[in-house]
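Everything on this sheet refers to the single structure shown next.
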Amino acid sequence: METKAAIELKNITKTFGSIVANKDVCLKVNRGEILSILGENGSGKTTLMNMISGIYFPDHGQIFIDGKEVVIRSPKDAFNYRIGMIHQHFKLVDVFSAAENIVLGLEEEQKFDINKSAEKVRQISEQYGFDINPNKKIYDMSVSEKQTVEIVKVLYRGADILILDEPTAVLTPQETKKLFKVLRKMRDNGKSIIIITHKLHEVLALSDKVAVLRKGEYIGTVETKNTNEKELTEMMVGKKISLDIERGEPKNPTDRLEVKNINCVNFEGVKLLDNVSFTAKSGEILGIAGIAGSGQRELLESIAGLQKLKEGEILYNNPKTGEVDNLRDKTPIQIRDLGVRLSFVPEDRLGMGLVGNMDIIDNMMLRSYRKGKSLFLNRKKPKGLAEKIIEDLEVVTPNAKTPVRRLSGGNVQKILVGREIASSPSVLMAAYPVRGLDINSSYMIYNLLNKQKENGVAVIFVGEDLDVLVELCDRIMVINSGRITGIVDARNTTKEEIGLLMTKTDSLENQGGEE
């Protein structure tokens, strides 16, 4: 029996000025099927889904729902055709309850009754296995609960074609398993589900079929059971690449950075870091795992001199002088004047790492500008460094004089990471250095971090992909609500163990010390 196509795209094209986001894309999703959309950063995945959900309108091409051609000019049109999109960044009102958010914007024929709406939310939740309290306020919810509200919101409106953009980006392994169980139940109930994701292991675990885009063009669709990670990567990138992270044993590890009982509060008096202690060793990669907003950023900023501490010490064992320096309360410039090479790849690239209006060469000079002793600056070395980074990391740019703001997010990251590593640090802190990067570029960065480790650098790596943390790091420290909840040996741990530590509320000291 022939399966029925829920939605089919024929020759869909979308351009933004001279940039071709999608070119003649043909795609089909059947009823009761989960389709994953794969592609490098900038391959046109989200643009394509935004056309299905009514946010963009295609320049040309056709969209068919259940075999009939339709025109989708707005999200309202998409809902009329029972299409719902769950975006990566949630669109919820914090002070409203789950039920209030779910019914927000709906036109009711009769007088609005929140109790009836809450009951319908409970029915949908029971049908698919969601765990949700309709009366709970959004500001009291975890990330996975907020995502559940977004999914129930589109189901409440009658959607039977669901699009999810990077749904597991901020979920723990346990939350991801729960979500996948719900999605399979929805598929078995006849729903059609499209998922945009970068995580190949999740694609293989969940989807029935995988469609691949490359540079805005449709490459093909394969059945998940007949493919593997390497084949999908080759389809995405267009060439063979290695997906192996070669982790060596730490050589002569010595304590390089000792963080002792640091506390940090914001201007409202809320604790951002609560009695945090750990040691980073030379020649090893220390991973930091945690749900988004658990204190990872504040921890790295504290070490880099960008956050004022209330209590505690940050002791740096200087490999050149053999002396111990306390970095607490010193400015970033004072820290550098001590000879401390803390290279920090921040979460906010352009906000903290680079100047958007300056070209790539000038951004290289930001590291060494204060060394200039004459009226005229020497641009020869920064120019050479910029060109080397462009070549080594395959930065897509017309030339080294291009303003950074004109580059894609992925290329901005490559420049920032390349510049920080080129400064020959003894401690390298990298916060989400591969966020938004395609697979090929991500593995370039992993290999660069491994080379730094081999050179005796103490590498602190904050990541969100637990598979990568387990494969790349030597030890993994887990942080939750500003507290260290565990430190584990990456070679002997599991994603599930890390996931449990990510949701623990007890600090490490209350558990009896380092694991």
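The values are calculated or read from the model by the stated rules, or taken from the named source; none is laboratory data. Since this is a predicted model, take the numbers as computed values, not measurements. Note that we place each Cβ from the backbone using ideal geometry, even for glycine, and neighbour counts take in every protein chain shown.
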Report summary line: Checked region 410-466 for anything closer than 22 Å to Thr197 by Cβ, aliphatic (A, V, I, L, M) and in contact with a strand residue (DSSP E or B) (Cβ under 6 Å, 6 or more places away or on another chain); matches are Ala431, Val462
Query raised in the report: Can you tell me which residues in region 53-71 are in contact with a strand residue (DSSP E or B) (Cβ under 6 Å, 6 or more places away or on another chain), closer than 15 Å to Gly84 by Cα and among the hydrophobic types (A, V, I, L, M, F, W, C)?
Result: Ile65
Query raised in the report: Between a first residue in region 385-404 that is farther than 16 Å from Ser442 by Cα and a second residue that is loosely packed, with under 13 Cβ neighbours inside 10 Å and among the polar types (S, T, N, Q), which pairs have beta carbons less than 7 Å apart while being 6 or more apart in sequence or on different chains?
Result: Pro403/Asn357
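Each row is one residue, and each column tells you yes or no for (1) out of contact with any helix residue (DSSP H, G or I) (no Cβ under 8 Å at 6 or more places or on another chain); (2) among the acidic types (Asp, Glu); (3) part of a loop (DSSP other than H, G, I, E, B); (4) loosely packed, with under 15 Cβ neighbours inside 10 Å.
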residue: Ser43; (1), (2), (3), (4): no, no, yes, no
residue: Ile55; (1), (2), (3), (4): no, no, yes, no
residue: Ile63; (1), (2), (3), (4): no, no, no, no
residue: Ala78; (1), (2), (3), (4): no, no, no, no
residue: Lys91; (1), (2), (3), (4): no, no, yes, yes
residue: Val95; (1), (2), (3), (4): no, no, yes, yes
residue: Glu100; (1), (2), (3), (4): no, yes, no, no
residue: Ala118; (1), (2), (3), (4): no, no, no, no
residue: Ser125; (1), (2), (3), (4): no, no, no, no
Report summary line: Contact list, first residue from region 42-63 and within 14 Å of Lys23 (Cβ to Cβ) and in the same structural domain as Ile195 (by TED's automatic domain parsing), second anywhere and assigned to a helix (DSSP H, G or I) and at pLDDT below 90, beta-carbon distance below 8 Å, six or more apart or interchain, is Gly42/Gly410; Ser43/Met236
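Residues are listed down the side, and each one gets a yes or a no for (1) buried (at least 18 other Cβ atoms within 10 Å of the Cβ); (2) over 20 Å from the mean Cα position of the chain (by Cα); (3) of a type in the set (A, V, I, L, M, F, W, C):
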residue: Val143; (1), (2), (3): no, no, yes
residue: Ala159; (1), (2), (3): yes, yes, yes
residue: Pro167; (1), (2), (3): yes, no, no
residue: Leu171; (1), (2), (3): yes, no, yes
residue: Lys177; (1), (2), (3): no, no, no
Query raised in the report: Within region 9-36, how many residues are in contact with a helix residue (DSSP H, G or I) (Cβ under 9 Å, 6 or more places away or on another chain) and not aliphatic (A, V, I, L, M)?
Result: 6
Query raised in the report: Can you name the condition, by its number, that Leu375 falls short on among (1) in a helix (DSSP H, G or I); (2) modelled with pLDDT under 75; (3) farther than 26 Å from Cys473 by Cβ?
Result: (1)
Report summary line: Picking from Leu27, Leu35, the residue that is touching a Leu at 6+ places or on another chain (Cβ under 7 Å), under 17 Å from Ile161 (Cβ atoms) and buried (at least 17 other Cβ atoms within 10 Å of the Cβ) would be Leu27
Query raised in the report: How many of the residues in region 205-239 are out of contact with any helix residue (DSSP H, G or I) (no Cβ under 6 Å at 6 or more places or on another chain) and farther than 22 Å from Val25 by Cα?
Result: 5
Query raised in the report: Restricting region 134-145 to residues that are out of contact with any Asp or Glu (no Cβ under 7 Å at 6 or more places or on another chain) and at pLDDT 90 or above, which is nearest to Val182 (Cα to Cα)?
Result: Pro134
Query raised in the report: Which numbered condition trips up Leu407, out of (1) surrounded by fewer than 22 Cβ atoms within 10 Å (Cβ to Cβ); (2) modelled with pLDDT of 80 or more; (3) among the hydrophobic types (A, V, I, L, M, F, W, C)?
Result: (2)
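For (1) modelled with pLDDT under 80; (2) assigned to a loop (DSSP other than H, G, I, E, B); (3) crowded, with 21+ Cβ neighbours inside 10 Å; (4) not hydroxyl-bearing (Ser, Thr, Tyr), each residue gets a yes or a no:
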site	(1), (2), (3), (4)
Ala386	no, no, yes, yes
Leu416	no, no, yes, yes
Ile421	yes, no, yes, yes
Pro433	no, yes, yes, yes
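Buried (at least 22 other Cβ atoms within 10 Å of the Cβ), modelled with pLDDT under 80 and in the same structural domain as Lys320 (by TED's automatic domain parsing), is that true of Leu437? Lay out the reasoning, then the answer.
Numbers: buried (at least 22 other Cβ atoms within 10 Å of the Cβ): yes; modelled with pLDDT under 80: yes; in the same structural domain as Lys320 (by TED's automatic domain parsing): yes.
The answer is yes for Leu437.
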Query - Number of the exception - Glu454 against (1) modelled with pLDDT of 95 or more; (2) among the acidic types (Asp, Glu); (3) out of contact with any helix residue (DSSP H, G or I) (no Cβ under 9 Å at 6 or more places or on another chain) - result: (1)
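What residue, among those in region 473-490 that are hydrophobic (A, V, I, L, M, F, W, C) and surrounded by fewer than 23 Cβ atoms within 10 Å (Cβ to Cβ), is nearest to Ile245 (Cα to Cα)?
In the first step, residues of region 473-490 are kept if they are hydrophobic (A, V, I, L, M, F, W, C); the result is 473, 476-479, 484, 487-488, 490.
Now drop any that are not surrounded by fewer than 23 Cβ atoms within 10 Å (Cβ to Cβ), which leaves 487-488, 490.
Numbers: Ile487: 21, Val488: 19, Ala490: 13 Å.
Ranking the candidates gives Ala490 first.
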Query raised in the report: So which strands (runs of 3 or more DSSP E) stay within region 136-248 end to end and still have 3 or more residues that are among the aliphatic types (A, V, I, L, M)?
Result: 161-165, 192-196, 209-214
Query - The lone exception for Asp208 - which of (1) over 23 Å from the mean Cα position of the chain (by Cα); (2) of a type outside the set (Gly, Ala, Ser); (3) crowded, with 21+ Cβ neighbours inside 10 Å it fails - result: (3)
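Val182 - would you say it is hydrophobic (A, V, I, L, M, F, W, C), in the same structural domain as Lys91 (by TED's automatic domain parsing) and either in contact with a strand residue (DSSP E or B) (Cβ under 7 Å, 6 or more places away or on another chain) or buried (at least 16 other Cβ atoms within 10 Å of the Cβ) (or both)?
On the way: hydrophobic (A, V, I, L, M, F, W, C): yes; in the same structural domain as Lys91 (by TED's automatic domain parsing): yes; either in contact with a strand residue (DSSP E or B) (Cβ under 7 Å, 6 or more places away or on another chain) or buried (at least 16 other Cβ atoms within 10 Å of the Cβ) (or both): yes.
So Val182 fits the description; yes.
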Query raised in the report: Does region 271-288 contain at least one residue that is surrounded by 13 or more Cβ atoms within 10 Å (Cβ to Cβ) and without any contact (Cβ under 8 Å) to a residue 40 or more places away in the chain?
Result: yes
Query raised in the report: Pairs, please: C-beta under 7 Å, at least 6 apart or cross-chain, first residue over 14 Å from Gly482 (Cβ atoms) and in region 493-511, second modelled with pLDDT of 90 or more and assigned to a helix (DSSP H, G or I)?
Result: Thr493/Val470; Lys495/Val470
